[in-house]
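> Got a structure here, written out as C-alpha cells. Questions coming.
The values are calculated or read from the model by the stated rules, or taken from the named source; none is laboratory data. The shown structure was predicted, so the numbers you read here are calculated from the model rather than taken from an experiment. Positions of Cβ are backbone-derived with ideal geometry, glycine not excepted, and every protein chain shown enters the neighbour counts. Areas reflect the complete protein model, heavy atoms only, side chains present, ligands, DNA and RNA absent. Shrake-Rupley method; radii C 1.70, N 1.55, O 1.52, S 1.80 Å.
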Amino acid sequence: MDIKTNTTNLLAISAHPDDTEIMAMDGILKAYGSKKYAFYACVVANGTNCVKMGKYADWTDKEMLEARAQEQVRASQIGEYANLYHLKKTEKDIEEGLVLKDIQKILAEVQPDVVYTHNIFDKNPIHQKLAQIVIDAIMLMDEESRPRLVYGCELNRALNWLPDKYRVTFDLSENKELQNRLIGVYDTKAEQSKNYAKAVMGRKMANATFITTEVDPGEEEKMIWYGINLSPVVQKNISVKEYCTKILSDFNKEVLDGIRDTISE
C-alpha cells in the first residue's frame, strides 16, 4: 500500500469494530473528500466478545468475527479511509500487551501527524489498556518521527468533566448523514438492546448544548465530541500516571475551590 506523503495523515487506533466510527469521527470528517487529509484506521481486536442478541444470538465466535470484520470494511469504504488495518487480535492479546509491535509497525508505516485513540480514563479496561499501549508505541519512536498531536477520545466515559486546558473539542456539526451511515453499518450492534446510533448522536448534541450557558441561535444544529490532549505525554516524555495525576489534581482543585468549608449563616 502506498502511504500518502503529500497529505496530513490521521490515524485512529481503536480496540473494537465500530469504536473508530464513534470516537474518531473528527478525523473521518476531515479526510472525507479531502486532498489535504488522509484517514487511516487500525482496529486491534476481532470483536467476537460482543453481546450476541436477536438474529445473532446463536452465532459462533467465528461467524461473529466474519460479520464484524465485514461491517468494519464496509464502514471504511463508506468513509473513504486511506487504509484499514484490522489486526483481529483477542482482548487477551491487548490485556497482555502483545499488540505493541503491531502498533509500532503501523505507526512507522503511516507516519501519522495526528493519532486518535481511546482516552486513558475510559471505563472499559480494554480501551484503557490499549490507550496506554499506543502511548508506549509512540514513545518508542524517534522524537522527530512522533505524531504532532495525540488525542484520547471519549467513548465509554464522557470527557465533559475535564478541565478546559486538557480537553479537546471536536466540532462534528457537518455531514450528519455520513455519521449516521457509518454508525448504521454495524447491524451486529443494532440487534442489542442498547441503541448505540441514537446514543452517539445524542451525546454529540448534549455536548454542544451544555458546553456553555450562552444561547446560540444555531445550537440545535451543533454536534460536539470531546477528547483529552495526550500530546504533552509523548512530546515531553511524561508518564501516563503522572499526567493523569496532574489532571485529577487540577480537577479536584477546580471543584473544591467553589465549595465553602462552612454552612452560610
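> Restricting to segment 68-112, and then to whatever is in contact (Cβ under 8 Å) with a residue 60 or more places away in the chain and open to solvent by 60 Å² or more (accessible area, probe 1.4 Å), can you tell me which residue is farthest from Tyr37 (Cα to Cα)?
Out of the qualifying residues, it is Arg74.
> Please go through segment 113-134 and pick out each residue that is crowded, with 20+ Cβ neighbours inside 10 Å and within 23 Å of Ala82 (Cβ to Cβ).
If the condition is that a residue be crowded, with 20+ Cβ neighbours inside 10 Å and within 23 Å of Ala82 (Cβ to Cβ), then Val114, Val115, Tyr116, Thr117, His118, Leu130, Ala131, Ile133, Val134 are the ones that fit.
> Separate question: Please enumerate the residues belonging to segment 135-164 that are polar (S, T, N, Q) and either in contact with an Asp or Glu (Cβ under 8 Å, 6 or more places away or on another chain) or open to solvent by 70 Å² or more (accessible area, probe 1.4 Å) (or both).
Matches in segment 135-164: Asn156, Asn160.
> Check off (1) open to solvent by less than 20 Å² (accessible area, probe 1.4 Å); (2) closer than 24 Å to Gln179 by Cβ for Met64 and give me the number that stays unchecked.
(2)
> So how many residues does segment 108-129 have that are more than 13 Å from the chain's Cα centre (by Cα), hydrophobic (A, V, I, L, M, F, W, C) and under 23 Å from Phe170 (Cα atoms)?
Qualifying residue count for the region: 1.
> Do you know which of the residues in segment 7-34 that are modelled with pLDDT of 95 or more and charged (D, E, K, R) is surrounded by the fewest Cβ atoms within 10 Å (Cβ to Cβ)?
Per the criteria, the residue is Lys30.
> Kindly indicate the residue of segment 219-236 that is out of contact with any helix residue (DSSP H, G or I) (no Cβ under 7 Å at 6 or more places or on another chain) and open to solvent by 30 Å² or more (accessible area, probe 1.4 Å) and also modelled with the highest pLDDT among those meeting that condition.
Asn229
> Inside segment 166-181, can you point out the residues that are in contact (Cβ under 8 Å) with a residue 12 or more places away in the chain, surrounded by fewer than 22 Cβ atoms within 10 Å (Cβ to Cβ) and out of contact with any Lys or Arg (no Cβ under 8 Å at 6 or more places or on another chain)?
Tyr166, Arg167, Val168, Thr169, Glu174, Asn175, Lys176, Leu178, Asn180, Arg181
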